[in-house]
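The values are calculated or read from the model by the stated rules, or taken from the named source; none is laboratory data. Keep in mind it's a predicted model, so treat the numbers as computed, not measured. Note that we place each Cβ from the backbone using ideal geometry, even for glycine, and neighbour counts take in every protein chain shown. Areas reflect the complete protein model, heavy atoms only, side chains present, ligands, DNA and RNA absent. Shrake-Rupley method; radii C 1.70, N 1.55, O 1.52, S 1.80 Å.
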Amino acid sequence: MSGGTAAATTARVGRQRTAPAAGHAWSADPYADALRAGRGPLFLRRADGWLLPLDVERWCAEADAADLEVLRRCEGPVLDVGCGPGRLVAALGALGHRALGIDVSEAAVAHTAGRGGQAMLRSVFDPLPGTGRWGTALLMDGNLGIGGDPPALLDRMAQLLAPGGRLLAETVPYPDVDERALVQVTDAHGAPGVPFAWARVGTRALLGHASAAGWRADAEWSTGGRSFVSLRAK
């Protein structure tokens with residue numbers, strides 16, 4: 001794969017091959033309904049009742065200044081893991097990058113396609129095109145939580161990236177948070193969906209996991225109340 005060229009505007013939708021619980025949770029209501037409406041409220045709910053608000057309105061809007069600061073660091077072809085409704089895939093295309101979004105939500109893939117982006121209905125742990133050749137991978141909007149096992153996710157990202165490739169990850173804005181739990185997607189009516197494993201990781205915790213796995217940290221920054229880390233693959 002080559003980078004630095006404009007992305008094709010024809011969206012591609014691939015088959016879904018992912019863990020049943022997580023795939024069903026993100027593909028079913030109320031998440032799908034929220035994406036179609038472009039607004040929440042929507043939450044991740046832990047078994048103890050704790051709620052994490054999900055920023056559906058921001059996800060469905062255009063890329064903001066904090067997003068663009070991340071995207072300017074992208075190199076070569078970009079894989080957006082958990083692309084949601086596609087704001088970053090669309091912005092990457094406008095910046096001249098070849099970009100592919102993957103997501104386990106049919107609504108998210110359809111929304112990305114509607115913005116002219118390329119997207120596939122896949123889990124990051126499924127077979128993916130370009131494995132070992134991506135210049136940059138994104139884990140934004142809490143997607144370090146995918147699978148509920150940050151070390152396993154980092155191992156998978158290292159497989160997907162080219163040697164020396166860059167991982168740009170958004171962390172929880174509390175550096176020591178390193179939490180794993182079963183959660184459910186729920187809306188304001190409080191009807192929770194299927195439980196699945198999720199994680200929340202702050203910058204210091206991520207750097208610890210990354211160092212143990214052989215990644216090299218080359219930047220960390222905060223802006224707009226959000227925090228980010230750039231890692232280099234082996």
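Key figures for this structure:
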item: Flag for residue 119 being at pLDDT 95 or above and either more than 18 Å from residue 157 (Cβ to Cβ) or open to solvent by less than 10 Å² (accessible area, probe 1.4 Å) (or both); result: yes
item: Check on residue 117, closer than 24 Å to residue 222 by Cβ, in a loop (DSSP other than H, G, I, E, B), under 17 Å from the mean Cα position of the chain (by Cα) and of a type in the set (Gly, Ala, Ser); result: no
item: Residue 80, sole failed condition from (1) part of a strand (DSSP E or B); (2) open to solvent by 40 Å² or more (accessible area, probe 1.4 Å); result: (2)
item: Hey, residue 66 small (Gly, Ala, Ser) and crowded, with 18+ Cβ neighbours inside 10 Å or not; result: yes
item: Long-range neighbours under 8 Å by Cβ, at least six apart or interchain, first residue aliphatic (A, V, I, L, M) within the range 45-72, second open to solvent by 80 Å² or more (accessible area, probe 1.4 Å); result: 47/182; 56/39; 71/95
item: Top-ranked residue of the range 32-65 - restricted to ones that are outside any loop (DSSP other than H, G, I, E, B) and among the charged types (D, E, K, R), ranked as nearest to residue 223 (Cα to Cα); result: 58
item: Total residues in the range 135-160, condition in a strand (DSSP E or B) and over 15 Å from the mean Cα position of the chain (by Cα); result: 1
item: Members of the range 181-217 that are touching a residue at least 24 places away in the same chain (Cβ under 8 Å), of a type in the set (D, E, K, R) and open to solvent by 40 Å² or more (accessible area, probe 1.4 Å); result: 200, 204
